[in-house]
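Report on the following structure.
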Amino acid sequence: MSRQPINSGWNLRATAGPVPSDFPESVAATVPGTVHTDLLAAGYIPDPYLDTNEYALAWIGESDFEYATTFDAGDEGYERVDLVAEGLDTVATLELNGARVGSTSNQHRSYRFDVRDLLKNSENELRIGFASALAFARAAEDRIGARPYVGNKLPYNAMRKMACNFGWDWGPVLVTAGIWKPIYLHRWSTARLASVVPQVTVAPDGTGHVSLSIDLERTSESEVAVSARVANGSGVDVAATVTSAETHVQIDLDVPDADLWWPLGYGEQALYQLTVTVEDGDTLLDDWQREIGFRTVELRMDPDEFGTSFQFFVNGQYVWIKGANWIPDDCFLPRITDADYAAGVRDAVDAGMNLLRIWGGGIYESDALYSECNRAGIMVWQDFLFACAAYSEEAELWDEVEAEVRENVARLAPHPSLVFWNGSNENIEGYYHWGWKEALGEGVSWGRGYYDDLIPGILAELDPTRSYTPSSPFSPNNYETPRDPHNGSVHSWEVWNRQDYTTYRDDIPRFVAEFGFQGPPNMPTLTDAIHDQPLASDSVGVLSHQKADDGNEKLRVGYEKHLPAPHDFDDWHFATQLNQARAISYGIEHFRSHSPRTAGTVIWQLNDCWPVTSWAAVDGARRRKPLWYALRALNAPRLLTIQPRPDGLALIASNDTASVWHGEFSVMRVSLSGDELARDSITIDVAPRSNATVTLDPSIVRPDDAKSELIVVRSAEARSAYWYFVEDTELALDALDLESTVTVAAGGYTVDIRANAFAKDLVLNADRLDPDAVVDDALITLLPGETHRFTVASTALLETEQLVAHPVLQSVNNLTVPHAVSKGSKA
């Protein structure tokens, strides 16, 4: 067996479409890569992410291109030589030495072609032509019939390609083409491993069980030895061998007293190495290796006094879900590196998350992402790739979907981090609530056959160890009520689209799989991409990087009830980022306070694919927005929050740890000037993985002057909780009045702040001075006389006075009294 990469010597040329007249004869191409990135590297096009360049480059998605290379391939005596394309994007025709090898129309699967008889011992020429995906989708829609979809007027649902490549309410229209995954020659004889699917379970006595379903492709019927081994670094080594002349082999392995894999915050992430080999005598024919972990996972949707639950259990333990949706990390997928995936998972881990949902409008992600999640304890909810659209079930799509589902279930099944399969994103909701049912009429397929029959059938065969739902949101009792908060999962988008974020408290949903609120990217991300002069919320470039329908108006409506009106673009930027953090905090504190009735939240979204105003907590340049810092606080193992309850305001202590929290809390009503007006002390024993609720004393919750008072709850083991009686538009805030000391320290700076007057939601935007600077905390509120130390990681030589000056140092006070500066600043 050998693999010969075909990754050098490639050239790219345009073959049809609205190609500019000055297009070169050919340009050098990188494989894996895309047309866009090759043209960018050649200097032929500007960066699609900058300013309004996206629109000027629309011709690329309407055009046809061809990749070509030559390579040597000597005859090494193998019985088979396959050309393997792990990923082609998307409508491709392959020719080897002038002979047609095959064609493809699915970005989400791999292809293998027997080319032994076409190869020459000397130089070989490989050509891959890519037809416009847009043209293909339009033609496919004509063949199979138009069906509803959201977003741009581009029928992404008529083909199997990353849906968000056609644009989304956070992404540009950059319709790609290219060899997006490795391509190589695979030489082999006798037999190869066509598919290895492990089903990993744990028996009640703690024995780990691996049931391996192994498919072989053969060139002969001779017997071969198929071996499997499970090992770890602690002395476990369990193996078995089966000798067979068949194309299917079953091997079962037991690991006594298996160490368990747990989610982050619930235990260790024990991993084992699973190896499968095929041998002919002493000759190794093929091998396969993956990490596995022993754990049980289940989604319980059980009737109860409130409706139907939606609760995740791992190893029998209820897990409060602290999650985020994950979208493709770049519009140009081959640019995403293993280091990028590691950084993305680190963003989730550092924010205290325990789950990522791989959203159905993107891709089945690289194994690198799932491997990072395996090691970090981040659970993965995996959508199948159907999003916000009705899908035809005609044979040309059905057959492709079946192939992609089989391949990707088999590929992803080994990962212990994968805990849940979901059939589609919002497609059942769309059918029953967005007018699709009426538009399609009776008897027209819309995708339910995939969600009810094809996918669950394949899962029953290949991976019955994980739970599955047909869609998100989903009501397990009634397909027609996916918005029912009492049953199953919901997506909560009324706040962003129509309602104030205070309406999150109107319902107690069972599980919130999507909800979000927008904010712009951090300032250096924005100014690197947008060069409007002057910058304004409605300037051309800023609006071109706002893809949501009426997005900026929704931002304004979102903050105007809660925050003083911004005075300039810097204030607008701060106010919208702050309001994003506020809205999500409001929702999560409410939802978490009702655990386990509400069993988790999955915010929209963790990451961005380019520099854009969006719902992301981490922007397209991987800078953490204020929302990220808010999420870190909200996801803390121990959280304090003040919430309204039928008996009045209550303190909720949330304990997401395995031990009892013996909490001693100081509860005060204070004035903005720092005077203590009422005090109470509360002691609670909060059981593990649960909440405790205590109604606050009337002396605490009844203000004398609502505009000048607040409630503060202090604890040595959790971040302080605050309750305001009025919105910031009415709060009697003074100008920002701080004393500060900036000190050069190892790896950067410390910024010590002392508040002379009440300071609300301090944010230190150090990346405005050094784009690579990272601050350890944000959204800090200080009573008069209180102090806080910010730590700034930076290798740049910064003007220390600027670190504590507007707009680097921002707060709500600056919105009330514009551009007040810190006092007594020194370095």
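Wholly within region 35-152, which strands (runs of 3 or more DSSP E) include no fewer than the required count, namely at least 1 residues that are among the hydrophobic types (A, V, I, L, M, F, W, C) and surrounded by fewer than 19 Cβ atoms within 10 Å (Cβ to Cβ)?
Values: elements: 64-72, 80-85, 91-96, 99-105, 111-114, 123-130.
Per the criteria, 64-72, 80-85, 99-105, 111-114.
Applying a threshold of 7 Å to beta carbon distances and a minimum spacing of six or more residues, or different chains, the list of pairs starting in region 729-751 at a residue that is farther than 30 Å from VAL670 by Cα and ending at one that is not β-branched (Val, Ile, Thr) reads THR743/TYR749; GLY747/ALA793; GLY748/ALA793; GLY748/SER794; TYR749/SER794; TYR749/LEU798; TYR749/LEU803.
Residue count for region 656-698, restricted to those that are over 39 Å from the mean Cα position of the chain (by Cα) and loosely packed, with under 12 Cβ neighbours inside 10 Å: 3.
Restricting region 278-302 to residues that are under 30 Å from the mean Cα position of the chain (by Cα) and exposed (fewer than 15 other Cβ atoms within 10 Å of the Cβ), the residue that is farthest from VAL202 (Cα to Cα) is ASP302. Could you check, for region 802-809, whether at least one of its residues is over 30 Å from GLU730 (Cα atoms), surrounded by fewer than 22 Cβ atoms within 10 Å (Cβ to Cβ) and in contact with an Asp or Glu (Cβ under 8 Å, 6 or more places away or on another chain)? No: zero hits. The residue of region 730-760 that is most open to solvent (accessible area, probe 1.4 Å), among those that are touching a Phe, Trp or Tyr at 6+ places or on another chain (Cβ under 8 Å) and β-branched (Val, Ile, Thr), is THR743.
Does PRO644 meet the test of being touching a residue at least 60 places away in the same chain (Cβ under 8 Å), of a type outside the set (Gly, Ala, Ser), outside any loop (DSSP other than H, G, I, E, B) and open to solvent by 20 Å² or more (accessible area, probe 1.4 Å)? Considered against the rule, which asks whether it is touching a residue at least 60 places away in the same chain (Cβ under 8 Å), of a type outside the set (Gly, Ala, Ser), outside any loop (DSSP other than H, G, I, E, B) and open to solvent by 20 Å² or more (accessible area, probe 1.4 Å), PRO644 comes out as yes. Quick check: anything in region 475-493 under 28 Å from ALA616 (Cβ atoms), out of contact with any strand residue (DSSP E or B) (no Cβ under 6 Å at 6 or more places or on another chain), touching a residue at least 24 places away in the same chain (Cβ under 8 Å) and part of a helix (DSSP H, G or I)? No, the conditions are met nowhere in region 475-493. Checked across region 594-613, the condition of being open to solvent by less than 10 Å² (accessible area, probe 1.4 Å) and more than 24 Å from MET353 (Cβ to Cβ) holds for no residue.
Return the residues of region 9-34 that are touching a strand residue (DSSP E or B) at 6+ places or on another chain (Cβ under 7 Å) and part of a loop (DSSP other than H, G, I, E, B); say none if nothing qualifies.
Let us first name the residues in region 9-34 that are touching a strand residue (DSSP E or B) at 6+ places or on another chain (Cβ under 7 Å), namely 9-17, 23, 25-29, 31-34.
GLY9, TRP10, GLY17, PHE23, GLU25, SER26, ALA29, VAL31, PRO32, GLY33, THR34 - these are the residues of region 9-34 that are touching a strand residue (DSSP E or B) at 6+ places or on another chain (Cβ under 7 Å) and part of a loop (DSSP other than H, G, I, E, B).
Hey, among the residues in region 438-453 that are of a type in the set (D, E, K, R) and surrounded by fewer than 15 Cβ atoms within 10 Å (Cβ to Cβ), which one's nearest to ALA389 (Cα to Cα)? Among them, the one singled out is GLU438.
Could you tell me whether ARG702 is among the basic types (Lys, Arg) and buried (at least 21 other Cβ atoms within 10 Å of the Cβ)?
Working: among the basic types (Lys, Arg): yes; buried (at least 21 other Cβ atoms within 10 Å of the Cβ): no.
The answer is no for ARG702.
Reported count of residues in region 317-357, each being open to solvent by less than 30 Å² (accessible area, probe 1.4 Å), farther than 30 Å from PRO688 by Cβ, in contact with a helix residue (DSSP H, G or I) (Cβ under 8 Å, 6 or more places away or on another chain) and without any contact (Cβ under 8 Å) to a residue 40 or more places away in the chain, is 1.
Checked against the criteria, TYR364 does not count as touching a Ser or Thr at 6+ places or on another chain (Cβ under 9 Å) and either within 22 Å of GLU514 (Cβ to Cβ) or outside any strand (DSSP E or B) (or both). Looking only at region 521-539, decide whether some residue is within 30 Å of THR693 (Cβ to Cβ), in contact with a helix residue (DSSP H, G or I) (Cβ under 6 Å, 6 or more places away or on another chain) and crowded, with 21+ Cβ neighbours inside 10 Å. No, region 521-539 contains no residue that is within 30 Å of THR693 (Cβ to Cβ), in contact with a helix residue (DSSP H, G or I) (Cβ under 6 Å, 6 or more places away or on another chain) and crowded, with 21+ Cβ neighbours inside 10 Å.
Please determine, by comparing only the residues of region 268-277 that are part of a loop (DSSP other than H, G, I, E, B) and open to solvent by 30 Å² or more (accessible area, probe 1.4 Å), which one is nearest to PRO414 (Cα to Cα).
Initially, region 268-277 is screened for residues part of a loop (DSSP other than H, G, I, E, B), giving 268, 270-271.
Now narrow it down to the ones that are open to solvent by 30 Å² or more (accessible area, probe 1.4 Å): 268, 271.
Details: GLU268: 18, LEU271: 11 Å.
Among them, the one singled out is LEU271.
Exactly one residue out of TYR431, TYR370, TYR391 is within 16 Å of ASN157 (Cα to Cα) and either in a helix (DSSP H, G or I) or among the basic types (Lys, Arg) (or both): that is TYR431.
For region 669-713, the candidate set comprises residues that are touching a Lys or Arg at 6+ places or on another chain (Cβ under 9 Å) and of a type in the set (Lys, Arg); within that set, the residue that is farthest from LEU783 (Cα to Cα) is ARG702. Filtering region 221-238 to residues that are over 10 Å from VAL255 (Cβ atoms) and open to solvent by 40 Å² or more (accessible area, probe 1.4 Å) leaves GLU221, SER222, GLU223, ARG229, GLY233, SER234, GLY235.
Listed by first and then second residue, the pairs with beta-carbon distance under 9 Å, at least 6 apart or on different chains, first residue in region 204-229 and under 19 Å from VAL409 (Cα atoms) and outside any strand (DSSP E or B), second of a type in the set (Val, Ile, Thr) and open to solvent by 10 Å² or more (accessible area, probe 1.4 Å), form an empty list.
Table: residues versus (1) under 16 Å from SER593 (Cβ atoms); (2) without any contact (Cβ under 8 Å) to a residue 60 or more places away in the chain.
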site: LEU640; (1), (2): yes, no
site: ASN691; (1), (2): yes, no
site: THR695; (1), (2): yes, yes
site: SER720; (1), (2): no, no
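Any chance region 239-249 includes a residue that's surrounded by 15 or more Cβ atoms within 10 Å (Cβ to Cβ), closer than 23 Å to SER417 by Cα, modelled with pLDDT of 95 or more and small (Gly, Ala, Ser)? The answer is no; no qualifying residue exists. Condition first: at pLDDT 95 or above, farther than 25 Å from GLU560 by Cα and small (Gly, Ala, Ser). Can you find one or more residues in region 806-825 that meet it? No: region 806-825 contains no residue that is at pLDDT 95 or above, farther than 25 Å from GLU560 by Cα and small (Gly, Ala, Ser).
Among the residues of region 172-184, is there at least one that is outside any loop (DSSP other than H, G, I, E, B), crowded, with 19+ Cβ neighbours inside 10 Å, touching a residue at least 40 places away in the same chain (Cβ under 8 Å) and not hydrophobic (A, V, I, L, M, F, W, C)?
Initial filter on region 172-184 (outside any loop (DSSP other than H, G, I, E, B)): 173, 178-179, 183-184.
Then drop every residue that is not crowded, with 19+ Cβ neighbours inside 10 Å, which leaves 173, 178-179, 183.
Next, from what is left, pick out any that are touching a residue at least 40 places away in the same chain (Cβ under 8 Å): 173, 178-179, 183.
This time we only want the ones that are not hydrophobic (A, V, I, L, M, F, W, C), so: 178.
Yes: region 172-184 contains one or more residues that are outside any loop (DSSP other than H, G, I, E, B), crowded, with 19+ Cβ neighbours inside 10 Å, touching a residue at least 40 places away in the same chain (Cβ under 8 Å) and not hydrophobic (A, V, I, L, M, F, W, C).
Yes/no matrix, rows are residues, columns are (1) among the aliphatic types (A, V, I, L, M); (2) over 17 Å from the mean Cα position of the chain (by Cα):
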site	(1), (2)
LEU397	yes, yes
TRP421	no, no
SER424	no, no
GLY441	no, yes
GLY449	no, yes
LEU454	yes, yes
ASN477	no, yes
PRO482	no, yes
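Of the residues VAL774, VAL792, which single one is open to solvent by 40 Å² or more (accessible area, probe 1.4 Å) and either under 30 Å from the mean Cα position of the chain (by Cα) or at pLDDT below 95 (or both)?
On the way: VAL792 fails: open to solvent by 40 Å² or more (accessible area, probe 1.4 Å).
Answer to the selection: VAL774.
The values are calculated or read from the model by the stated rules, or taken from the named source; none is laboratory data. Keep in mind that this is a model prediction, so the values were computed, not measured. All Cβ positions, even for glycine, are placed from backbone atoms using ideal geometry, and neighbour counts span all protein chains on display. We work out accessible area using only protein heavy atoms, side chains counted, and drop any ligands, DNA or RNA first. Shrake-Rupley method; radii C 1.70, N 1.55, O 1.52, S 1.80 Å.
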